[in-house]
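Single-structure report; data block below.
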Amino acid sequence: MNAQPRRSLLKISMFGISYLKDHNPYMIAWWSAVFPGFGHYLLNQYIRATLLTLSEVIINTLAHINEAMVYSFCGKYELATSILEPTWAFGYLVIYLYTIGDSFRIALYQNKLTHLALKENKNIPCLAVTAAEIQYLEEKSPFFSAFYSFFFPGLGQLYNHRFGLAFYAMFWWWIYIWLSKAHEALLTLLLGQLEASNSMLNPHWFLFMPSVLFGSIYQSYLATMEQNQLFRLEQRTYLSKRYSNSKLRIFS
């Protein structure tokens, strides 16, 4: 009778593949600083990451953080100070700093769990068939994953079969495009109307877009690389156990 592993390396469900993986905790903290919640997405903690990203957008909007940043960049410090809502800004700062520290702490602990799960050397699931979805490990191209995310955030996640995160990212990208007027401003700029383009752009919503775009590219690229490693590890684990008594040594 095969005992269940105490620590599972990965879980395949109808929503995609969640897994333990070695992370650079400083990189995780960096992405949490770029956009609260992104570090937790990299740690495969999707519910808390989603709630943190919602918190970022809502509290940032109520505190006028982005507008104050724009005025600061332009040297208008008094205007930046006057537009801030101190109550919301203080709460924003507390949650922002906690998110960075929490993602750093979790990354360190997940690294330990990853090493312990690998030591158990149990069989790794490679397929989950449900009534709604068929999910499986497969090798994919990290380049195409990043390429899709570059043109529209969320498409790289859809390529990786993480459809919940994919449509969440796509929904918010449409919101940012609509509220920032980014596409209209870009078209106006390409027509040579610089002043009209600047006046059309909404800086508050536009400032969210670079973080979301590059965060989506990085997450989809990294997830593809990590799932490719898991695919090869599953193959190696299965074959080494399947032919453990064979005279032919597949693995040293």
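Name, by its number, the condition in (1) of a type in the set (V, I, T); (2) at pLDDT below 95; (3) buried (at least 19 other Cβ atoms within 10 Å of the Cβ) that does not hold for T130.
(3)
With the requirement that a residue be open to solvent by less than 50 Å² (accessible area, probe 1.4 Å) and among the polar types (S, T, N, Q), what does segment 161-202 give you?
S180, T188, S197
Residues L230, L213: which one is within 26 Å of H23 (Cβ to Cβ), surrounded by 15 or more Cβ atoms within 10 Å (Cβ to Cβ), over 18 Å from the mean Cα position of the chain (by Cα) and in contact (Cβ under 8 Å) with a residue 12 or more places away in the chain?
L230
Which residues, counting only those in segment 178-195, are more than 31 Å from the chain's Cα centre (by Cα) and among the acidic types (D, E)?
Listed by number, the list holds a single entry, E195.
Only residues that are in a helix (DSSP H, G or I), among the charged types (D, E, K, R) and open to solvent by 30 Å² or more (accessible area, probe 1.4 Å): list them for segment 20-70, please.
Passing the criteria: R48, E67.
For a quick check of your reading of the model, give me the residue pairs whose first member lies in segment 53-79 and is touching a residue at least 24 places away in the same chain (Cβ under 8 Å), whose second is part of a helix (DSSP H, G or I) and open to solvent by 30 Å² or more (accessible area, probe 1.4 Å), with beta-carbon atoms closer than 6 Å and at least 6 apart or on different chains.
I59/W88; I59/Y92; L62/W88; A63/W88; A63/Y92; H64/I83; E67/I83; V70/P203
Tell me whether segment 6-15 contains one or more residues that are among the hydroxyl-bearing types (S, T, Y), over 20 Å from F214 (Cβ atoms), surrounded by 15 or more Cβ atoms within 10 Å (Cβ to Cβ) and in contact (Cβ under 8 Å) with a residue 24 or more places away in the chain.
yes
Would you check which residues across segment 129-144 are outside any loop (DSSP other than H, G, I, E, B) and farther than 18 Å from N228 by Cβ and list them?
Once the filter is applied, which keeps residues that are outside any loop (DSSP other than H, G, I, E, B) and farther than 18 Å from N228 by Cβ, segment 129-144 yields V129, I134.
Output the number of residues of segment 74-115 satisfying the condition of being among the charged types (D, E, K, R), open to solvent by less than 80 Å² (accessible area, probe 1.4 Å) and assigned to a loop (DSSP other than H, G, I, E, B).
Of the residues in that region, 0 qualify.
Grab the helices (runs of 4 or more DSSP H) fully contained in segment 178-252, keeping just those with 2 or more residues being of a type in the set (D, E, K, R), over 21 Å from E67 (Cβ atoms) and touching a helix residue (DSSP H, G or I) at 6+ places or on another chain (Cβ under 9 Å).
Qualifying helices (runs of 4 or more DSSP H): none found.
Within segment 2-54, restricting attention to residues that are among the polar types (S, T, N, Q) and under 14 Å from the mean Cα position of the chain (by Cα), which residue is nearest to I134 (Cα to Cα)?
If we take residues in segment 2-54 being among the polar types (S, T, N, Q) and under 14 Å from the mean Cα position of the chain (by Cα), then S18 is nearest to I134 (Cα to Cα).
Results for (1) aromatic (F, W, Y); (2) within 30 Å of N24 (Cα to Cα), shown as yes or no for each residue.
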{"site": "G154", "(1), (2)": "no, yes"}
{"site": "L158", "(1), (2)": "no, yes"}
{"site": "L179", "(1), (2)": "no, no"}
{"site": "L187", "(1), (2)": "no, no"}
{"site": "L190", "(1), (2)": "no, no"}
{"site": "Q193", "(1), (2)": "no, no"}
{"site": "S197", "(1), (2)": "no, no"}
{"site": "F206", "(1), (2)": "yes, yes"}
{"site": "S246", "(1), (2)": "no, no"}
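The values are calculated or read from the model by the stated rules, or taken from the named source; none is laboratory data. Given the structure is predicted, the values throughout are model-derived calculations rather than measurements. Note that each Cβ is placed from the backbone with ideal geometry, even for glycine, and that neighbours are counted across all protein chains shown. Surface accessibility is based on the protein's heavy atoms, side chains included, excluding ligands, DNA and RNA. Shrake-Rupley method; radii C 1.70, N 1.55, O 1.52, S 1.80 Å.
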